[in-house]
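In what follows, a single structure is set out as structure tokens and then discussed.
Laboratory data are not the source of any read-out in this text; all were calculated from the coordinates shown. All figures in this text were calculated on a predicted structure; none of them were measured in a lab. Because the Cβ atoms are built from the backbone with ideal geometry, glycine has one as well, and the counts that use them run over all protein chains shown.
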Amino acid sequence: MDLGLKDRRALVTAASKGLGRACAEALIAEGAKVYISSRQPEATGREIGAAGWLASDVSKEDEPERLVGEAARVLGGLDIVIVNAGGPPPGTFQTTPLQAWEAGFQLTLLSAVRLVRAALPHLKQSDHGRIVFITSISVRQPIPNIVISNAMRAGVTGLAKTLAREFAPDGITVNCLAPDAILTDRLRDIARSRGVDPEEQITQAAKAAPMRRLGDPADFGAACAFLCSHQAGYITGQTLGIDGGSLLGVH
């Protein structure tokens, strides 16, 4: 199926590995021109055939505007923005210092606000405006030991739902992708924070998963490409779980 993404101009943040990289690769495979960012993006950019890249820390106040401006300059505009950020440090409420909350707010929620504010003028000029926020299944079912992520990604979900209604008259769709049980470095980091051997955690997680395997990042990237497609033009304000059936809730 042709997703109508050939020559569409996309910015993907935190794209050097994991889910961000998977989204960038899926868009490139569909013919999109993709600009990526991360703290060390060059190697990934060259490997996946990105149209450009910028080393950027989106938790810094001025970085989102600089990043969007550079991406739009290189690509000649923007049609798609994939808003991703590395996860805040693991921890419980009682073990998490206040300064970690501030850092998590800047990294996860406020960076999303700043990126969209900077990108909106470009998306309004497009006939194919798409915003996709990468969140987590924790927005529907909180995950133990990642209290900051649980709280901040829920905030991003509320932001996305609000923006979907506000931007609808401009033809811009706004959706979230909520992953769980996907094999990324984040899964290993959480295991280490719990004092668990990462490979043993991966083995046990795969056994416990409804499909008896963990998801591949490519599974996630394919869903991202679909939400950015022509066919998804009437889907907005939604959170799509990419979790292999792990979420038990009905909403």
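Here, P(r) means the percent of Cα pairs in each 5 Å bin from 0 to the largest distance; for the chain it is 1, 7, 14, 19, 21, 17, 12, 6, 3, 0.
In region 48-71, whose amide N lies under 19 Å from the spot 7 Å out along Cα-to-Cβ of residue 193? List them in ranges. Hits in region 48-71 for residue 193 at 19 Å: 58-59. Relative intensity of region 107-164 on a log10 scale, I(q)/I(0) at q = 0.13 Å⁻¹, equals -0.37, per a Debye sum over C-alpha point scatterers of equal strength in the absence of solvent. Sequence-ordered 3J(HN,Hα) estimates for region 125-131 from the Karplus curve with 6.51, -1.76 and 1.60 and θ = phi - 60° stand at 7, 8, 9, 8, x, 9, 10 Hz, glycine and proline given as x. Assuming charge only on the beta carbon of Lys and Arg (+1) and of Asp and Glu (-1), the dipole of the chain about its Cα centre is about 240 debye to the nearest 20. Considering only 82, 41, 227, the residue lying farthest towards the positive end of the dipole of the chain is 227, judged by Cα position with unit charges set on Cβ. Using the alpha-carbon centroid of each, what span in Å lies between region 38-80 and region 209-251? The distance from the Cα centre of region 38-80 to that of region 209-251 comes to 25 Å. Taken about its Cα centre, region 1-91 carries a charge dipole of roughly 140 debye when the Cβ of each Lys and Arg holds +1 and the Cβ of each Asp and Glu holds -1.
Counting charges near residue 221 (Lys, Arg +1; Asp, Glu -1) among other residues having Cβ under 13 Å from its Cβ returns a value of -2. With pairing defined as another cysteine C-beta under 4.7 Å, the cysteines of the chain that fail it are 176, 228. Computed from backbone phi, the HN-Hα couplings of region 208-220 come to 7, 5, x, 8, 6, 7, 8, x, 8, x, 5, 4, 5 Hz, rounded to whole numbers (Karplus: 6.51 cos²θ - 1.76 cosθ + 1.60, θ = phi - 60°; Gly and Pro given as x).
Relative contact order of the chain: 21 percent, from C-alpha pairs under 8 Å at least 6 residues apart in sequence.
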